[in-house]
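> Let me begin by handing over the structure; questions about it come next.
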Amino acid sequence: MRTYWLERAWTGSGPVRSGLLVDVEDGAFVRVATGPPGDADRLAGLSIPGLANCHSHAFHRALRGRTQRGRGSFWTWREQMYAVAARLTPDSYFELARAAYREMVAVGFTSVGEFHYLHHGPGGTPYDDPNAMSHALVAAAADAGIRIALLDTCYLTAGIGSPPEGVQARFGDGDAEGWAARVETADRACRGQPDVVLGAAIHSVRAVPRDQMAPVVGWAEQHGAPLHVHLSEQPAENDACLAAYGATPTEVLAEVGALGPRTSAVHATHLTDRDVRLLGGSATCACFCPTTERDLGDGVGPSRALKDAGSPLTLGSDSHAVVDPFEEMRAVELDERLSSRQRGHWSAAELLAAAAHDGHRSLGFDGVGRIEVGARADLVTLDTASVRTAGTGADDATAVFAASGADVVRVMREGVVVSTSEDRRAVGVELDRVVRAIWEET
Ligand SMILES: [Zn+2]
């Protein structure tokens, strides 16, 4: 057993406390109490629970700084993204994902939800192990020291009624039954690994026909697994859905029974009032990815209205244009300010809870995201004397409105230190090497 004395701590609820003693045994907190440090290991600064990155496409990390150079839209960005997808093999994806996950760990993420659709080899030919790509991602997460919810994604069509095109052949399993059969074999490999959750994803109403959604929903139901889906990120998706089905994407998901507390609607940007009621009334999580939505020009979703209707907020870095949980948190509030021209929609504590406990629960990691007896012992410690955080009060507002990922000095997951500020340079070197290798491949 080890004892830590936290100079300042936000435990998951209530105000920030000073002088918190925590005992850690077998990867869990077994005592949490205020008191003098004694001979405990002292952690200066502000400590918070481990954070969950609930929406990741690991390979998009290779696009940072490259897709932002020109003009264009979501759809031209997608062409560049596909160019990377076309190059990856299980070996190169392992290396890229491991580096991307190490960057996440360095800024305080202790779990990732990987929305994974790059399943097959060139032309859609399955690998000898049809889950080779999934296994590469799980191994990459293990090496980086991050939990992974592998959200195995069903992706069948280029658009409603149109077959996969080009690199999309690598994403598809023919039909939802084919998807379920493949995932069942992945499930056997992942079972029994406490750091791995196998979940399901419907890519979007664009990529999964309405009559193919039920097997995916059924698989998630049968396994009690998280179910994630991209929802209404772009108006064009809504228009195509209305034209094909006479219903919004949210209404289609509601019809097939896809909404509920195990489900996360990713983006949830362009919604009708009825969509908000359907999502909130079913307690479906709303997974916002503000730095990506900003980068792609998606728009600003109704985060507060969704929360008030009953949808827990969670956060993801999605395309990894930015990997910084503090930037994602404050962006939710700041984007609301821009669109409403009013301040004060979200408190700092609410945003921290979204990134910590609610995020973990949406990935199927229960008992993570709070500093309390019985919870997994994840601790993220921030420097409260950096040029960004000095003089800001060392409280929850410091974390959300002043800090950046660069202020994270130590990350512990289940009692094991998985990143310190000294490791950061090596993560940069590794990212540089693997991203260059992807682009230099011919
Ligand atoms: Zn996404």
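Any read-out appearing in this document is the output of simple, stated calculations on the displayed coordinates, not a laboratory observation. These numbers were taken from a predicted model, which means no experiment stands behind them. No Cβ is skipped: glycine too gets one built from the backbone with ideal geometry, and neighbour counts run over all protein chains shown.
> Using alpha carbons only, how many degrees (0 to 90, rounded to 10) separate the axis of helix 213-223 from the longest principal axis of the chain?
For 213-223 against the chain, the angle is about 40 degrees.
> In the range 79-170, which GluC sites (Glu not before Pro) fall in coil by DSSP and have 10 or fewer other Cβ atoms within 10 Å? Mind showing how you got there, number by number?
On the way: sites: GLU79, GLU95, GLU103, GLU114, GLU165; in loops: GLU165.
Those that pass, being in a loop and sparsely packed, number zero.
> Roughly speaking, what is the centre-to-centre gap between the range 189-236 and the range 111-147 when only Cα atoms are used, to the nearest Å?
15
> What residues have an amide H closer than 5 Å to that of THR314, excluding those fewer than 5 places away on the same chain, when H is modeled at 1.01 Å from N in the peptide plane?
ALA286, CYS287, PHE288
> Moving on to the next point. Looking only at VAL196, VAL409, VAL256, which one moves most when the chain is put into a Gaussian network model with springs between Cα atoms under 10 Å?
Maximum among the listed residues: VAL256.
> Fully extended, how many nm does the chain gain between ARG337 and ALA437 (0.36 nm per residue separation, minus their Cα-Cα distance)?
31.9 nm
> Right, another one. With θ set to phi - 60° and the Karplus curve 6.51 cos²θ - 1.76 cosθ + 1.60, what are the ³J(HN,Hα) couplings of the range 187-200 in order, to the nearest whole Hz, using x for Gly and Pro?
Couplings: 4, 5, 6, 8, 4, x, 8, x, 8, 10, 10, 9, x, 10 Hz.
> Ok, one more. I'd like the orientation of helix 90-106 relative to the chain: the angle between its Cα long axis and the longest Cα principal axis, in ° from 0 to 90, rounded to 10.
For helix 90-106, the angle is close to 30 degrees.
> Also: Compute the long axis of helix 325-340 from its Cα atoms, compare it with the longest principal axis of the Cα atoms of the chain, and write down the angle in degrees, 0 to 90, nearest 10.
Orientation of helix 325-340: about 70 degrees from the principal axis.
> Skipping prolines and chain starts, which residues have an amide H placed within reach, meaning under 5 Å, of the one on HIS228, given they are 5 or more residues away or on another chain?
Here ALA200, ALA201, ILE202, SER264 satisfy the definition.
> Which of LEU151, LEU363, LEU334 moves the most in a Gaussian network model of the chain with Cα springs under 10 Å?
For the chain, modelled as a Gaussian network with Cα springs under 10 Å, the answer is LEU334.
> Can you compute the helix-only [θ] at 222 nm over the chain? Use -39500 (n - 2.57) per DSSP H run of at least 4 residues, normalise by all residues, nearest 500 deg cm²/dmol.
-11000 deg cm²/dmol, from helical runs alone.
> If you don't mind, another one. What percentage of all Cα-Cα pairs in the range 93-216 are separated by more than 27 Å?
Here the long-distance tail beyond 27 Å is 18 percent of all Cα pairs in the range 93-216.
> Of all trypsin sites (Lys or Arg not before Pro) in the range 44-85, which ones are in loop regions per DSSP and have a Cβ with at most 10 other Cβ atoms within 10 Å?
Those satisfying the criteria are ARG69, ARG71.
> What are the GluC sites (Glu not before Pro) within the range 341-442 that DSSP puts in a loop, where the Cβ has at most 13 other Cβ atoms within 10 Å?
Here the GluC sites (Glu not before Pro) that fit, given the DSSP loop and packing criteria, are GLU441.
> State the answer as a single residue: which of PHE401, LEU63, ALA437 lies farthest towards the positive end of the charge dipole of the chain, with beta carbon charges of +1 for Lys and Arg and -1 for Asp and Glu, about the Cα centre.
PHE401
> Gaussian network model of the chain, Cα springs within a sub-10 Å range: biggest mean-square fluctuation belongs to which of SER282, SER47, SER204?
Result: SER282 has the largest fluctuation of those listed.
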